[in-house]
Amino acid sequence: MSYEVKNIRYGIAPIGWRNDDIPEIGKENTYKQILSDAKIAGFEGTEIGGCYPTSAEELNKELSLRNMRIAAQWFSGFLIQDGLEKSIEDFTKHCEFLQSVGADVAVYSEQTASVQGKTDVCVYTQKPIYTEEEFKILAEGLNVLGEIANKHDLKLCYHHHMGTGVQTLEETRKLMNMTDPTKVYLLFDTGHIFVSDGEYMPMLKEFKDRIAHVHFKDVRPEKLKEAKAQEMSFLGSFLHGMFTVPGDGCIDYKEIYDFLLEINYSGWIVVEAEQDPKIANPLEYAIKGFNYMQALRKFI
């Protein structure tokens, strides 16, 4: 089987260097270090982390010095909790900044009632469950925010995420069916859906026409098993070593990559792995992730 690779860009998330949910982890790593390490590893760009500057002029200068790009940035949404009016104001500012730094994607995750940032809540048994009315509020709001993203030459990509009300394939399907496909796209995250549902290809195949951003996050099955047995939080699980870069865990990325090429996926594939940088050297794992991606590209 052979495909021509078109319009796929390869990036990495800064979360291996700095974690916004636990600011003390990796605080010695500056955004300039992250950009430089990513460049050394071979990536074309990164997503934006909390330590990145809020000045577009400053960030653009550093990107230009390294010939790097910005792929996307996470947005913590509270449509259900705070309503549409406040969300419009906050998300519009988010999109204005992303447009000014040449990004392609605004990553949205609804954080109402989320337990992903709580250290004393088991992420495997105590995730929130949204009601029909809450799904309706979220879907209607996303359609509005998605239109704002489009006006700023961005795609709003919804991130199904552990510890939130839209985590599983069933929940993601419900939300996708309730939203406008021209305004709301899907971020496909291999690690999150595998930990949540134990499989990843069904989501990829079902939403092949809605996926506009991809995260390659691998899972160490023995660490996952231990995390579940010990009823760990999401933060505790990744500190325990549940996640890693592609090729270092149990996910079959060749199957995923072949399918993305088969459907002519166009967009970013971002290597992402929440780990403790004092245990998993960020540059070392960035190189490991990039080399694995290079190997995948040679297999086609």
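Values for this structure:
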| item | result |
| --- | --- |
| Set T112, T119, T125: member being among the polar types (S, T, N, Q) and within 26 Å of C95 (Cβ to Cβ) | T112 |
| Looking only at the range 135-190, and only at residues there that are open to solvent by 10 Å² or more (accessible area, probe 1.4 Å) and part of a strand (DSSP E or B), the one that is nearest to F234 (Cα to Cα) | Y185 |
| Flag if I40 is over 25 Å from Y265 (Cα atoms), of a type in the set (A, V, I, L, M, F, W, C) and open to solvent by 10 Å² or more (accessible area, probe 1.4 Å) | yes |
| Of the criteria (1) surrounded by fewer than 16 Cβ atoms within 10 Å (Cβ to Cβ); (2) touching a residue at least 12 places away in the same chain (Cβ under 8 Å); (3) over 19 Å from Y108 (Cβ atoms), which one D20 fails | (3) |
| Count of the range 240-265 residues which are under 30 Å from T119 (Cα atoms) and assigned to a helix (DSSP H, G or I) | 0 |
| Among the candidates E47, E62, residue that is of a type in the set (D, E), open to solvent by less than 50 Å² (accessible area, probe 1.4 Å), at pLDDT 95 or above and in a helix (DSSP H, G or I) | E62 |
| Among residues of the range 116-128, those that are under 21 Å from the mean Cα position of the chain (by Cα), more than 12 Å from K228 (Cα to Cα) and of a type outside the set (S, T, Y), counted | 5 |
| Residue count, the range 101-134 (criterion: assigned to a loop (DSSP other than H, G, I, E, B), under 30 Å from Y10 (Cα atoms) and small (G, A, S)) | 4 |
| Positions within the range 266-300 being among the polar types (S, T, N, Q) and assigned to a helix (DSSP H, G or I), in sequence order | N291, Q294 |
| Residue check, A113 in contact with a helix residue (DSSP H, G or I) (Cβ under 9 Å, 6 or more places away or on another chain) and open to solvent by less than 20 Å² (accessible area, probe 1.4 Å) | no |
| Leading residue by the ranking (most open to solvent (accessible area, probe 1.4 Å)) among those in the range 71-100 that are part of a helix (DSSP H, G or I) and either within 19 Å of P14 (Cα to Cα) or basic (K, R) (or both) | K93 |
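The values are calculated or read from the model by the stated rules, or taken from the named source; none is laboratory data. A quick note: this is a predicted structure, and the numbers were derived from the prediction, not measured. Every residue, glycine as well, gets a Cβ built from its backbone with ideal geometry; the counts of neighbours run over all protein chains shown. Accessible surface areas use protein heavy atoms only, side chains included; no ligands, DNA or RNA. Shrake-Rupley method; radii C 1.70, N 1.55, O 1.52, S 1.80 Å.
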